[in-house]
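Report on the structure given below.
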Amino acid sequence: MSPKGVPEAVIAAVSSEEHPIAPFLRMDRMPHIWCSTCGIGTAVKALVAAFEKLETDLDKVSIVSGIGCTGRVAGYVRLDSFHTTHGRPIPFATGLKLANSELTVIVFSGDGDLSAIGGNHFIHAARRNMDLKVICVNNFIYGMTGGQAAPTTPLTAVTSTTPYGNAEPPFNLCHLAAACGANYVARWTALHVRRLTKAFAEILVKPGFCFVEVITPCSTLYARKNRLGTGLDIMKYYHDNTVIEHGAEPADTDIVFGGPIICGKFVDRDRPTWLEYQDQHLGEVLGDKYYRGKVLQGAGER
Amino acid sequence: MKADPIGVRTGTLYLDGDRATAEGAIAAGCRFFAGYPITPSTECAELISERFPEVGGIFIQMEDEIASITAIIGAAWGGARTMTVTSGPGISLMMENIGLAIMLETPCVVANVQRGGPSTGLPTMVGQADVMQARWGSHGDYEIIAYSPQSPQEAFDFTIKAFNMAERYRTPVIVLLDECVGHMVEKVVIPPADTIEIEPRRLTDAAKDEYLPFAYGDDLVPDMAIAGMGYRFHVTGLTHDERGYPEMSVRCQEWLVPRLVAKIRQNADDIIEFDEENTDDADVVVVSYGISARVSRMAIDLAREKGIKVGFLRLRAIWPFPEKRVAELAKKIKSYVVVEINLGQIYYEVQRCAAGRCETLLSPHAGGGVHDPEDIFKVIEKGAKVK
């Protein structure tokens, strides 16, 4: 007999022996390494839900990660998946995408990987409007190495390398991506599963540099050091302190310790992608001599 | 298979070594290039940027050398033949990801036009001091393949070879030019496309559910899948098993890393290349490579005029090193004279292989110019006097 008020489909899903998203995962790699209440799994689930929603041809999707807790995502999803070096998933993905423009290339990595050691690649890929779907799990900290400060750590927050509180202003990654030229910029938290899924579904079909920041709890390190409570307490914090403001000026969405988290879709525009601009410009300048132009035209005629 | 004629500028051209490297790459089927400007290598990138739009290649100038090497690795997994080119400071930045290419067994080519170092050193002037870095520069155990052209013609020829070996052994291959060869302009004969052999990529034909990315056969080289073929494979820079899954254990490390080394060592005879002249009756054998090999010839002629029996061992491929031949010759000569624009790199390798069976002498140069043949001659003379 079902518990009162719970739909039969939900009961069926949770009582099934196979996890509902198992077909999308490398189940032979389970159990995963993430702590309980970590938000990375939620972000992965939302991505899978977006694939299901769009009925994406997964043979044509590649996922590239760097190093760190989020860097392990590439190893758990059943796609062509590349676990690269620290900070370098964006240039790796750039090569992958340009070598085969039919691929949808997702970069799924952490805040330290993408904005510290990989920060230079991040700004230049956004400037170029490279056709990459960049998902950044931001837990304000280096989790894998034991909770050190990151370029995203809010002022005054305690980490294992800022034991007296962080005295460095952090990046606002959404502002950074938007300022550099990204086509799509959004921020959600691990609580906003449906909105996150919708954002992922949008970026999977949107050309250009698309950036989604996912604010997630790291209860093992960040929350413990800052006495923020359990994973559930953090979800409650997200619930009570999120302000949804679509179209907000990215410069006004800084994250302050203990303050509100402004979420929403901040940017959605249509600058030409790197490859579109190349094809257009070189086609104009070189005419018939532009090989890719002939190939693209041929493909159109067929 | 044969080269695609669209990329082959058949005929007699006058090119510097940098541009000859670019022509070699395009002839070999290179269709993705990522690079960052750095003297004295930039002419290669410039020519690629000019030629690629007409042959269907993608040229991208990245934000730094780290991005450049990583992008060519990514592009190789997207199915392209790929290259980057750089010099001292840039190759230092690339080292970590050369290790990634080794670990992911990614075919790609890296050209390093050597200049004087350390650090910014002598940007516009010659050096040959990156030879050991080419061999050992990335962390961990691995083997590398590196070619050392002595002319623009060889820059063209060896770059094609580098692409072929990269595919055959699924490994990054280094073309180790020096500033002199990179900037000297000489005749380069580019043959017809149908005479240029191109090694195809070792793509897997395994069933989709049976493919193991790192299972291998007798030559120790696994067959490759590339993104989009439907295999949904995983690769990682972590120590990994035959499924490509990370496994941090002594057992897996022992399964993986010795094979990465052995796939080159076991096949070294297929890769090693050198020219040998007048070694039959030699008392002294000069060992050199790149521009220094050409300067050495003048010293050898001088020595022969004076009646010294000098032989020559010119390294075409530097890595793997021709250990067996150097050890054999050591038994019957008085001394080796190693000529290189550094303060002793291949010198130590020759000394190691000679293992005390003959003397090993160095004719060094700190960089910025080539040797005075007289200086080399004096070392040859000293070598001939060894009892």
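The values are calculated or read from the model by the stated rules, or taken from the named source; none is laboratory data. The structure presented is a predicted model; accordingly, all values stated were derived computationally and were not measured. Don't worry about glycine lacking a Cβ; one is built from the backbone with ideal geometry, like all the others, and counts go over all protein chains shown.
Remark: pairs (first residue in region B:82-96, within 10 Å of B:Ser138 (Cα to Cα); second residue part of a strand (DSSP E or B) and among the aliphatic types (A, V, I, L, M); Cβ separation under 9 Å; 6+ apart in sequence or on different chains) = B:Met94/B:Val110. Would you confirm whether or not region A:42-58 contains a residue that is among the hydrophobic types (A, V, I, L, M, F, W, C), at pLDDT 95 or above and closer than 25 Å to B:Ser68 by Cβ? Within region A:42-58 (the criterion being among the hydrophobic types (A, V, I, L, M, F, W, C), at pLDDT 95 or above and closer than 25 Å to B:Ser68 by Cβ), the answer is no, since none of the residues qualifies.
Within region A:66-86, the set of residues being touching a Ser or Thr at 6+ places or on another chain (Cβ under 6 Å), under 18 Å from B:Ile102 (Cα atoms) and touching a residue at least 24 places away in the same chain (Cβ under 8 Å) comprises A:Gly66 only. Screening region B:199-238 for residues that are outside any loop (DSSP other than H, G, I, E, B) and crowded, with 18+ Cβ neighbours inside 10 Å and picking the one that is farthest from the other protein chains (Cβ to nearest Cβ) gives B:Met224.
Yes/no per residue for (1) on the phi > 0 side of the Ramachandran plot; (2) more than 20 Å from the chain's Cα centre (by Cα); (3) of a type in the set (S, T, N, Q); (4) at pLDDT 95 or above:
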position: A:Val214; (1), (2), (3), (4): no, no, no, yes
position: A:Thr253; (1), (2), (3), (4): no, no, yes, yes
position: A:Val256; (1), (2), (3), (4): no, yes, no, yes
position: A:Ile262; (1), (2), (3), (4): no, no, no, yes
position: A:Glu284; (1), (2), (3), (4): no, yes, no, yes
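Identify all residues within region A:94-126 that are within 27 Å of B:Val55 (Cα to Cα), out of contact with any Phe, Trp or Tyr (no Cβ under 8 Å at 6 or more places or on another chain) and not acidic (Asp, Glu); write none if there are none. Matches in region A:94-126: A:Thr94, A:Lys97, A:Asn100, A:Ser101, A:Leu103, A:Thr104, A:Val105, A:His124. Among the residues of region A:86-96, those that are crowded, with 24+ Cβ neighbours inside 10 Å and either more than 7 Å from chain B (Cβ to nearest Cβ) or within 17 Å of the chain's Cα centre (by Cα) (or both) comprise A:Gly87, A:Arg88, A:Pro89, A:Ile90, A:Pro91, A:Phe92, A:Ala93, A:Thr94.
Hey, could you check region A:57-71 for residues that are surrounded by fewer than 24 Cβ atoms within 10 Å (Cβ to Cβ) and either assigned to a loop (DSSP other than H, G, I, E, B) or in contact with a helix residue (DSSP H, G or I) (Cβ under 7 Å, 6 or more places away or on another chain) (or both) and say which is nearest to the other protein chains (Cβ to nearest Cβ)?
The qualifying residue nearest to the other protein chains (Cβ to nearest Cβ) is A:Leu58.
If the condition is being surrounded by 23 or more Cβ atoms within 10 Å (Cβ to Cβ), of a type outside the set (S, T, N, Q) and in a loop (DSSP other than H, G, I, E, B), then region A:200-242 contributes A:Gly208, A:Phe209, A:Pro217, A:Cys218. Scanning region A:14-41 for residues that are surrounded by fewer than 18 Cβ atoms within 10 Å (Cβ to Cβ) and in contact (Cβ under 8 Å) with a residue 60 or more places away in the chain returns A:Cys35, A:Ser36. Considering B:Arg19, B:Arg31, the condition of being closer than 18 Å to A:Ser101 by Cα, in contact (Cβ under 8 Å) with a residue 12 or more places away in the chain and charged (D, E, K, R) is satisfied by B:Arg31 alone. Can you find even one residue in region B:269-277 that is away from every other protein chain (no Cβ under 14 Å), without any contact (Cβ under 8 Å) to a residue 12 or more places away in the chain and part of a loop (DSSP other than H, G, I, E, B)? No. Taking (1) surrounded by fewer than 23 Cβ atoms within 10 Å (Cβ to Cβ); (2) closer than 23 Å to B:Pro37 by Cβ; (3) touching a Ser or Thr at 6+ places or on another chain (Cβ under 7 Å) in turn, B:Gln114 satisfies each apart from (1).
Remark: pairs (first residue in region B:214-227, under 21 Å from A:Asp59 (Cα atoms); second residue of a type in the set (Ser, Thr, Tyr) and in a loop (DSSP other than H, G, I, E, B); Cβ separation under 9 Å; 6+ apart in sequence or on different chains) = B:Asp223/B:Thr204; B:Asp223/B:Tyr211; B:Asp223/B:Tyr216; B:Met224/B:Thr106; B:Met224/B:Thr204; B:Ala225/B:Thr204; B:Ala225/B:Tyr211; B:Ala225/B:Tyr231. A count restricted to region B:89-113 and to residues that are under 24 Å from B:Glu242 (Cα atoms), assigned to a helix (DSSP H, G or I) and not hydrophobic (A, V, I, L, M, F, W, C) stands at 3.
Scanning region A:130-137 turns up no residue that is within 13 Å of another protein chain (Cβ to nearest Cβ) and among the basic types (Lys, Arg). Just one of the numbered conditions (1) surrounded by fewer than 20 Cβ atoms within 10 Å (Cβ to Cβ); (2) within 14 Å of chain A (Cβ to nearest Cβ); (3) in contact with a strand residue (DSSP E or B) (Cβ under 7 Å, 6 or more places away or on another chain); (4) in contact (Cβ under 8 Å) with a residue 24 or more places away in the chain is not true of B:Met184: (2).
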